[in-house]
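Reviewing the structure listed below.
The values are calculated or read from the model by the stated rules, or taken from the named source; none is laboratory data. From a predicted model like this one, the values you see are computed outputs, not experimental measurements. Using ideal geometry, Cβ is built from the backbone for each residue, glycine included, and neighbour counts are taken over all protein chains shown.
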Amino acid sequence: MDKEKFFKKLAEKLEMDVNELKEIFKKLTKNSKEAMQELEEAIKNNNFEKIERLTKYIKQYLSILEDYSILFTEFKNDEDIKSVKVWESLKEKIFALTN
């Protein structure tokens, strides 16, 4: 599986620089891992406001991963990304989380 080729194709579809897209995914993954740890702590301390905020962020991240997974599976099958609604959805979600 050529992940590099996939990121190039996805970046093209999202009208983004491939390196910028990779950095966004790295940052989102790192932030989500940290959010999971913070969520654990918030649950222990019954900090409901923080639990709500972190849960919302984690749900957004998982939604991005779901779109990514759909597109990656499609790409794996024929090296093209045709699911316009999915990649447009992914673009909106990435934009919302990074701005």
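Data table
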| read-out | value |
| --- | --- |
| In the range 70-93, residue modelled with the lowest pLDDT [restricted to those that are surrounded by fewer than 16 Cβ atoms within 10 Å (Cβ to Cβ) and of a type in the set (Asp, Glu)] | 79 |
| Tabulated pairs, the range 29-43, first farther than 13 Å from residue 60 by Cβ, second among the polar types (S, T, N, Q) and in a helix (DSSP H, G or I), C-beta under 9 angstrom, 6+ apart or interchain | 39/55 |
| Which numbered condition residue 42 fails, given (1) aliphatic (A, V, I, L, M); (2) in a loop (DSSP other than H, G, I, E, B); (3) touching a helix residue (DSSP H, G or I) at 6+ places or on another chain (Cβ under 7 Å) | (2) |
| Residue in the range 41-58 that is touching a Phe, Trp or Tyr at 6+ places or on another chain (Cβ under 9 Å) and farther than 30 Å from residue 8 by Cα present | yes |
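A quick yes/no check of all residues on (1) farther than 14 Å from residue 90 by Cα; (2) in a helix (DSSP H, G or I); (3) among the small types (Gly, Ala, Ser):
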site: 4; (1), (2), (3): yes, yes, no
site: 19; (1), (2), (3): yes, yes, no
site: 37; (1), (2), (3): yes, yes, no
site: 46; (1), (2), (3): yes, no, no
site: 59; (1), (2), (3): no, yes, no
